[in-house]
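Notes for the one structure printed next.
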Amino acid sequence: MKKSTDYRAELIESLRDPREAGEYLNASLEEDDPELFLLALRNVAEAQGGVAQLAEKTNLNRESLYKMLSERGNPELRSLDALLHALGFRLAVTVAK
């Protein structure tokens, strides 16, 4: 009998690959749902070492990062930019289709 695989564990493992994580974040943005994008950011943050490690990279305190990435999070552009840079990404603007 096959063991069931934990989807979340596989997702987090796949998001350790920067290209996979970038595609995942972009796909979440295409849904035009800020809550979905924050969930995607939380997953990528977890895959890339967690909030404590990101706090060191971003020079933001852990509490601020937890709050920013929470379900009720509403990150400021500066904080979002710092987080994305720490994860190895950058903000970009493209023409809407």
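Taking the options ARG16, ARG8, name whichever one is farther than 19 Å from GLY73 by Cβ, out of contact with any Pro (no Cβ under 8 Å at 6 or more places or on another chain), outside any helix (DSSP H, G or I) and not acidic (Asp, Glu).
Testing whether each residue is farther than 19 Å from GLY73 by Cβ, out of contact with any Pro (no Cβ under 8 Å at 6 or more places or on another chain), outside any helix (DSSP H, G or I) and not acidic (Asp, Glu) leaves just ARG16.
Within segment 22-37, work out how many residues are within 17 Å of LEU77 (Cα to Cα) and either among the hydroxyl-bearing types (Ser, Thr, Tyr) or touching a Pro at 6+ places or on another chain (Cβ under 8 Å) (or both).
Qualifying residue count for the region: 0.
Quick one: would you say ALA82 is touching a Phe, Trp or Tyr at 6+ places or on another chain (Cβ under 9 Å), part of a helix (DSSP H, G or I) and surrounded by 13 or more Cβ atoms within 10 Å (Cβ to Cβ)? Before you say what the answer is, go through the steps one by one.
Numbers: touching a Phe, Trp or Tyr at 6+ places or on another chain (Cβ under 9 Å): no; part of a helix (DSSP H, G or I): yes; surrounded by 13 or more Cβ atoms within 10 Å (Cβ to Cβ): yes.
Against the criterion (touching a Phe, Trp or Tyr at 6+ places or on another chain (Cβ under 9 Å), part of a helix (DSSP H, G or I) and surrounded by 13 or more Cβ atoms within 10 Å (Cβ to Cβ)), ALA82 does not qualify.
If you go through segment 17-40, how many residues are under 14 Å from LEU80 (Cβ atoms) and of a type in the set (A, V, I, L, M)?
Counting residues in segment 17-40 that are under 14 Å from LEU80 (Cβ atoms) and of a type in the set (A, V, I, L, M) gives 4.
Would you pick out the residues in segment 19-70 that are polar (S, T, N, Q) and either over 13 Å from the mean Cα position of the chain (by Cα) or not in a helix (DSSP H, G or I) (or both)?
Step one: list which residues in segment 19-70 are polar (S, T, N, Q), which gives 26, 28, 43, 48, 53, 58-59, 61, 64, 70.
Result: GLN48, GLN53, THR58, ASN59, ASN61, SER64, SER70.
Could you check segment 76-97 and list, in sequence order, the residues that are under 12 Å from the mean Cα position of the chain (by Cα) and over 19 Å from GLY22 (Cα atoms)?
Within segment 76-97, none qualify.
We did not get these values from a lab; they are worked out from the coordinates using the rules stated. Everything numeric here is computed off the predicted structure, so don't read it as measured data. In this analysis, Cβ positions are derived from the backbone assuming ideal geometry, glycine residues included, and neighbour counts consider all displayed protein chains.
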